[in-house]
1. Within the range 88-128, name every residue whose backbone N is under 13 Å away from a label modeled 7 Å from Cα of E75 along the Cβ vector.
2. Report the equivalent ellipsoid semi-axes for the range 55-118 in whole Å, largest first, defined as the square roots of five times the eigenvalues of the gyration tensor built from alpha carbon atoms.
3. Return the FRET efficiency for the residue pair D117, Y87: r is the Cβ-Cβ distance, R0 is 22 Å, and the value is rounded to the nearest 0.05.
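Quick note: the coordinates plus some simple rules give every number you see, no bench work behind them. Fair warning: this is a prediction, and the values are worked out from it, not measured in the lab. Cβ: placed from backbone, ideal geometry, glycine included. Neighbour counts: every protein chain shown.
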Amino acid sequence: MSDFLAIISNVKIIKCVQGNSPELARSAAYDKLADAFPPVDVIIRNGVAHIFADVPGMSPEDISVYVYDCFVVIEGLKRGRNIYRGYELIRLERHFPSFKRVFRLPFDAYRYEALLDGGVLHIALAEN
């Protein structure tokens, strides 16, 4: 675990990929919807940005985190669409949405780590 990220309890590390994509600026501009899923908090302290996303019931295999310079992309697809295979459906209200959230940080991320614990995704990104 990185020295800039201190989380206790059982955590699972999610792999991050770094790259570069100028098209993300447009996506980040549209990602300001109040009802966007998953709900997130983005905070910065001592040169480290922390993104917290509520993703209950999701596993690390369901979530991808990409870092493109100052942009962070969180994508996910909750498994379970076929959990009722072979059953007659009477009512189906729960849905398993896929999602994509894009955030622009005020700095380029140099070090980063993503952890999933208790249905909360925590991404920590340090600037150069």
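1. 98-102
2. 33, 12, 8
3. Once the sixth-power term is evaluated, E becomes 0.10.
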